[in-house]
Amino acid sequence: ESVGFRKAVTEYAAANDIAVIRFAKGERELDVMRPHLDRLARQGRTGVAAIGVAQEFQRVFTGTTYHPDADGGGVPRFGYHKADRRVTAYYFYLVDEVFGPAFVKVCAYFPYPIKIWINGHEYAKRAAITAGIGFTELDNGFATSDNPAGLQRVCDTLGPGTIAEFCERWWARLPLPLSD
């Protein structure tokens with residue numbers, strides 16, 4: 001695992017007064033993080049609410065040295081193969097200015113897979129409020145709207161470019177094990 005990345009996460013949390021929480025086995029991560037997300041939202045702030053740490057199985061690359069001859073002779077060779085390993089994963093639970101609650105999960109082991117969770121319904125609700133469109137919300141959607149066509153236009157703005165902007169915004173702010 002990347003020692004430099006682990007250190008960068010610890011320093012980032014300390015410098016920004018962000019709670020680091022180790023998830024227990026069987027714990028529902030969102031239930032643990034909800035109070036932190038709600039606190040930030042109540043304050044009308046955006047940013048990282050808390051960092052979760054978990055040990056998880058991930059598909060990673062491992063290196064092996066082997067001899068091409070069965071008797072162990074010849075020049076040793078080196079190769080990579082994929083394997084499932086229990087590694088550290090960091091969950092940056094955040095409140096984004098455009099998408100609201102979200103998280104960015106980063107594995108601390110090569111090839112450093114990253115998973116991003118955003119909610120398109122939260123995006124649409126925030127965009128509708130900005131556009132002055134009235135609605136009755138559901139947990140994940142809308143029950144009614146005073147401007148269905150306008151609401152549809154708002155929903156149509158969510159696409160690859162909007163998601164790429166989210167990624168770029170947070171990759172510029174978070175510690176990552178990747179270089180430019």
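The values are calculated or read from the model by the stated rules, or taken from the named source; none is laboratory data. Every value quoted in this text rests on a predicted model; they were computed, and no experiment measured them. Reconstructed Cβ throughout: ideal geometry from the backbone, glycine too, with neighbour counts over all protein chains shown. Please note that ligands, DNA and RNA were not included when accessible areas were found on the heavy atoms of the full protein model with its side chains. Shrake-Rupley method; radii C 1.70, N 1.55, O 1.52, S 1.80 Å.
Out of all the residues in segment 55-64, is one or more farther than 30 Å from Gly141 by Cα, surrounded by fewer than 19 Cβ atoms within 10 Å (Cβ to Cβ) and modelled with pLDDT of 90 or more? Yes, because at least one residue in segment 55-64 is farther than 30 Å from Gly141 by Cα, surrounded by fewer than 19 Cβ atoms within 10 Å (Cβ to Cβ) and modelled with pLDDT of 90 or more.
Of the strands (runs of 3 or more DSSP E) lying entirely inside segment 70-121, those containing at least 1 residues that are open to solvent by 50 Å² or more (accessible area, probe 1.4 Å) and modelled with pLDDT of 95 or more span 114-117. Can you confirm whether segment 30-43 contains a residue that is touching a residue at least 24 places away in the same chain (Cβ under 8 Å) and among the charged types (D, E, K, R)? No: zero hits. Candidates in segment 6-54 are the residues that are buried (at least 17 other Cβ atoms within 10 Å of the Cβ) and closer than 12 Å to Pro101 by Cα; of these, the one that is farthest from the chain's Cα centre (by Cα) is Leu40. Residue pairs whose Cβ atoms lie under 7 Å apart, sitting 6 or more positions apart in sequence or on different chains, and linking a residue in segment 152-180 that is under 13 Å from Asp96 (Cβ atoms) and open to solvent by less than 30 Å² (accessible area, probe 1.4 Å) to a partner that is of a type in the set (D, E, K, R) and modelled with pLDDT of 95 or more, are Phe166/Asp96.
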